[in-house]
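Derivation of every value follows stated rules applied to the coordinates shown; laboratory data play no part. Note that the structure is a prediction, hence the values are computed from the model and not measured. Heads up, the Cβs are rebuilt from the backbone with ideal geometry, glycines too, and the neighbour counts pull from every protein chain shown.
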Amino acid sequence: MFISGKKCEPSSLQKANVKNPATGELVGAVTLADEKTLQDAISSSKTAFDSWSKTDPKDRAFILGKVSAALKEESIANELAVLLTKEQGKPLKEARREIEGVTEVIDYFASLSSVLLSPDAKFYQNSNGYAFVSKKPLGVCAAILPWNLPALIFSWKVIPAILTGNTVVVKPSTDGPLTVLRLAEIFYESGLPAGVLNVVPATGELTGNVFATSPAVQKISFTGSIETGKLLREKVFSAANPVQKRLTLELGGSDAMIVCGDVDVRWAATEAVRARFFNCGQACVSPKRIFVFESIFEEFKKQVLAEVSKIHVGNGLESETTMGPVCDKNQWERLIDVMGRIRLEILETESDEIPGPGAGEILTGGNVLKADRSGKPLNGYFFEPTVVALAPDRSKTSVLLREEIFGPVMVLVPVKDLNDAIERSNDTIYGLGASVWTNNLKQAKTAVEQLDVGIVWVNQHARVLPSLPFGGVKESGIGRENGEQVLNDYLETKTVVLKNV
Ligand code: NAD
């Protein structure tokens, strides 16, 4: 862990091993903070806040610039990407892209330091006096990270907080802590003052309790599952908790992708496969429900299967690998369980609630993978890239459409028209992203207006930029990350009204 700018691994504390999901090999171990250590990290950030909050935003941006420059050095970028692949499983190319994404976030927010320095436009004056609005950083902000994109999501939470003069305590997932710890080290090597960024691996429940009830923690930003997000929200806003704080929740998604009848089918199918199987299907903005116009459904299916057959599953460190294992045993077992339930649903069961025979077809995959395409044995948490087609009249209650499937499973459903597609897309508790694929501007406009989500794409999916707000509606979360507007989430507003005497 990193507290007050120093690596510390107290021998009295419990350790957690980090294993490569592709091989089971030990990659490293982390020390798990207990309650006292978490409190120490918060105190360290509180102390650092006094001076960090008074620094010039340009000086903060200068340090961030040095971090970005370090991450762009070939040796460091490669070292981080290899570490990320080893601890999380994703192909090296995707890991390199994630590290590049971190530098893009840093460069974008560093460029906004002038926004923080510019005089506030909201200044009122008349003969009686004047009024203005001033902004100041909140204090200690806490971040709870997931394991799927640990480096990128670290940057979304840490960079705007630091730039606005806050200090941060980060709790990484025990499934992806090593890259985050190495990133913290690079921040300190680049001149970040001690305590501005503390990183403490710990168990989730303990961290949630400590962050929710600590009077020093002014804001918590969380990314993870809906269930955990709700637990955290209950703790933060419980009547028994005397402490008020801000909360941002980035929870799951089950994005719809609507493919209209007028598109280039091969292109749309290729893009769908790329988006769905990226990161082994473990991304919140992956297109998890694909609604395809009936007129092109058979052709779309054919093109998807052709594309999926090209996926090379294997160890992410090997150059030919285009999809790695799922991140850990838990996720792997969840996937096996989901596939079991799908089989039951579409092959054997029939009731009013559950679809039953004829409700769908597993077009490819559906099993754990024990060998790669060349026959080489695979001994990790591998799963076949899977495609399931669901019959439209039977599909509404399917587990595939109701639950967020965090793994390499693509679901195709034929739809009559755009209205049918939009209705099905919105028939979910999730509201993160959705896309519509069409050459027809009117269709695109209708979908953009009617899809009930935080982000909607036209003719692309999962394009996420640091300059654009990111987050969901409905049960997918509260608040947004990224974009200039997020700076306000890390600033307190003070209104000053002064009367002439
Ligand atoms: P999770 O919600 O259990 O864990 C996410 C983070 O929250 C981890 O750092 C974890 O240690 C921490 N945590 C766990 N319990 C906590 C608590 N009571 N209070 C505060 N923090 C706590 O998610 P998971 O088990 O890693 O993954 C489960 C599912 O979550 C996935 O299958 C997927 O559906 C979803 N998920 C979504 C995203 C996303 O980007 N929105 C990312 C990862 C996982």
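For the reader, a short list of remarks on this structure follows.
- Debye intensity ratio I(q)/I(0), log10, the chain, q values 0.06 Å⁻¹ (C-alpha model): -0.29
- Acute angle (nearest 10 degrees) that the helix 74-88 long axis makes with the longest principal axis of the chain, alpha-carbon atoms: 60
- Since only 184, 5, 472 are under comparison, the one whose Cα sits farthest along the positive direction of the charge dipole of the chain, derived from C-beta charges on Lys, Arg, Asp and Glu, is 5.
- Protection proxy ranking, peptides 144-150, 37-43, 133-139, average beta carbon neighbours within 10 Å, highest first: 144-150, 37-43, 133-139
- 3J(HN,Hα) from dihedral phi, the stretch 446-459, Karplus parametrisation 6.51/-1.76/1.60, rounded to Hz, x for glycine, proline: 4, 5, 4, 6, 9, 6, 8, 9, x, 9, 10, 10, 10, 6
- Extension gain from residue 336 to residue 497, taking 0.36 nm per residue of separation minus the Cα-Cα distance: 51.8 nm
- Among 22-32, 320-330, 237-247, the order from most to least packed when residues are scored by Cβ within 10 Å on average: 320-330, 22-32, 237-247
- Net lengthening on full extension, residue 58/residue 206 (0.36 nm per residue, minus Cα-Cα): 49.6 nm
- Relative contact order, percent, the stretch 445-501 [alpha-carbon distance under 8 Å, six or more residues apart]: 23
- Karplus-based coupling profile of the stretch 246-262, in residue order and whole Hz: 7, 9, 10, 10, 10, 9, x, x, 9, 4, 8, 10, 9, 10, 7, x, 9, with θ = phi - 60° in 6.51 cos²θ - 1.76 cosθ + 1.60 and x standing for Gly or Pro.
- Farthest toward positive dipole pole in the chain [+1 Lys/Arg, -1 Asp/Glu at C-beta], among 166, 133, 253: 133
- Stretching the chain fully between residue 397 and residue 126 yields a gain of 91.3 nm (0.36 nm per residue, less the alpha carbon separation).
- Residue 460-residue 484 pseudo-label distance in nm [points 7 Å out on the Cα-to-Cβ vector]: 2.0
- Alpha-carbon centroids, the stretch 425-501 and the stretch 138-155: separation in whole Å: 19
- Separation in nanometres of the label points that stand 7 Å from Cα toward Cβ, at residue 189 and residue 36: 3.2
- Charge dipole magnitude, Cβ of K and R +1, D and E -1 - the chain, Cα centre, debye nearest 20: 1320
- Peptide packing for 86-92, 387-393 was compared via the average number of neighbouring C-beta atoms within 10 Å per residue; ordered from the highest value, the list is 86-92, 387-393.
- Computed from phi, the 3J(HN,Hα) profile of the stretch 335-341 under the Karplus parametrisation 6.51, -1.76, 1.60 (θ = phi - 60°) reads 5, 4, 5, 4, 5, x, 5 Hz, with x in place of Gly and Pro.
- Close amide H partners of residue 220, meaning residues 5 or more places away or on another chain with modelled amide H under 5 Å apart, are 142, 246, 247, 248.
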